[in-house]
Amino acid sequence: MPKITTFLTYAEHAEDAAAFYVSIFPNSRILRTTRYLEGAPMPPGSVMTVEFELDGQEYVALNGGPHFTFTDGFSLSVACADQEEIDRYWSALTRDGGQEVACGWLTDRFGVRWQINTPLLGEMFANADQAAAQRAFEAMMKMTKIDIAELQRAFDGA
C-alpha cells in the first residue's frame, strides 16, 4: 500500500513550525532535516524540508518561498479526550501570535488552521434526537473554543 504523508509548504520557518508542533504533542519528534543545494530556488544550505512525527503521524514541512500560503480549506484536526486536552492544545497553538477563529478552529502563528475538538460533537450531531442535535449544533456555532460542558448542557436541553 502507498504511504500517504501530509506535506505542509511554508513560505519560510518550516523548521520553527516543526519544532513548535513537536513541543506541543506527546510522542512527537523531528525525524530528518534536509537543506537546499546549489541551483535551488532558495539559498544553498538553508532548510528545505523537515520530516517530523506528531503522535506517530508523519508530516513533512517545506520552505517553499513567499508565494506559498495556507488557506481556510485545509486544517489539521485534533480529537481531544476531554476539556483539559482542548484547553491545553488551544492555549499552546494560539500563543505567540496564533488566532482564535470559531467553532473550535484556530490559526497558529505559522498560518496553519487547526480544529481542536471532541469526538462528542460527531456523536451529538448524528444522534437520532434531532432537536438535541440541533441544540448542540447551535451552541457550537456560538463558541470560539469548544466547551464540552456547555455542549452537553445544550444537547440535554438544560
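The values are calculated or read from the model by the stated rules, or taken from the named source; none is laboratory data. Source: prediction; values computed, not measured. Note that each Cβ is placed from the backbone with ideal geometry, even for glycine, and that neighbours are counted across all protein chains shown.
Please determine, by comparing only the residues of the range 1-29 that are under 17 Å from the mean Cα position of the chain (by Cα) and of a type in the set (A, V, I, L, M), which one is surrounded by the most Cβ atoms within 10 Å (Cβ to Cβ). Don't jump to the end; show me each part of the working.
Residues of the range 1-29 that are under 17 Å from the mean Cα position of the chain (by Cα), as a first pass: 5-10, 13-29.
Checking the rest, the ones that are also of a type in the set (A, V, I, L, M) come to 8, 14, 17-19, 22, 24.
Details: LEU8: 23, ALA14: 25, ALA17: 22, ALA18: 28, ALA19: 14, VAL22: 18, ILE24: 16.
Per the stated criteria, the residue is ALA18.
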> So which residues in the range 76-98 are surrounded by fewer than 17 Cβ atoms within 10 Å (Cβ to Cβ) and within 12 Å of the chain's Cα centre (by Cα)?
Replying inline: SER77, ALA79
>> Looking only at the range 45-66, count every residue that is surrounded by fewer than 15 Cβ atoms within 10 Å (Cβ to Cβ) and touching a residue at least 24 places away in the same chain (Cβ under 8 Å) and tell me the total.
In response: 6
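Here's the yes/no breakdown for (1) out of contact with any strand residue (DSSP E or B) (no Cβ under 9 Å at 6 or more places or on another chain); (2) in the same structural domain as THR118 (by TED's automatic domain parsing):
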| residue | (1), (2) |
| --- | --- |
| THR6 | no, no |
| ALA14 | no, no |
| SER23 | yes, no |
| TYR36 | no, no |
| PRO44 | no, no |
| THR49 | no, no |
| SER77 | no, yes |
| ALA81 | yes, yes |
>> Any residue that is surrounded by fewer than 16 Cβ atoms within 10 Å (Cβ to Cβ), aromatic (Phe, Trp, Tyr) and outside the structural domain of HIS13 (by TED's automatic domain parsing) - is there at least one of those in the range 102-120?
In response: no
> Can you tell me which of ALA79, ALA102, ALA132, ALA92 is among the aliphatic types (A, V, I, L, M) and in contact with a Pro (Cβ under 7 Å, 6 or more places away or on another chain)?
Replying inline: ALA79
> Only one of (1) in contact with a Cys (Cβ under 8 Å, 6 or more places away or on another chain); (2) not assigned by TED's automatic domain parsing to the domain that holds PHE110; (3) not hydrophobic (A, V, I, L, M, F, W, C) fails for TYR89. Which number is that?
Replying inline: (2)
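Only one of THR107, THR94, THR69 is in contact (Cβ under 8 Å) with a residue 40 or more places away in the chain and of a type outside the set (Lys, Arg); which?
Working: THR107 fails: in contact (Cβ under 8 Å) with a residue 40 or more places away in the chain; THR94 fails: in contact (Cβ under 8 Å) with a residue 40 or more places away in the chain.
None of the others qualify; the one that does is THR69.
State which residue is nearest to GLY65 (Cα to Cα) when the search covers only the range 110-121 and only residues that are without any contact (Cβ under 8 Å) to a residue 40 or more places away in the chain and part of a strand (DSSP E or B). Give the derivation first.
From the range 110-121, those without any contact (Cβ under 8 Å) to a residue 40 or more places away in the chain are 114, 116, 118, 120-121; that's our starting set.
Filter once more, keeping what is part of a strand (DSSP E or B): 114, 116.
Details: TRP114: 22, ILE116: 28 Å.
Step by step, filter the range 110-121, then rank; the result is TRP114.
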>> Could you tell me how many of the residues in the range 44-103 are of a type in the set (Val, Ile, Thr) and part of a strand (DSSP E or B)?
In response: 5
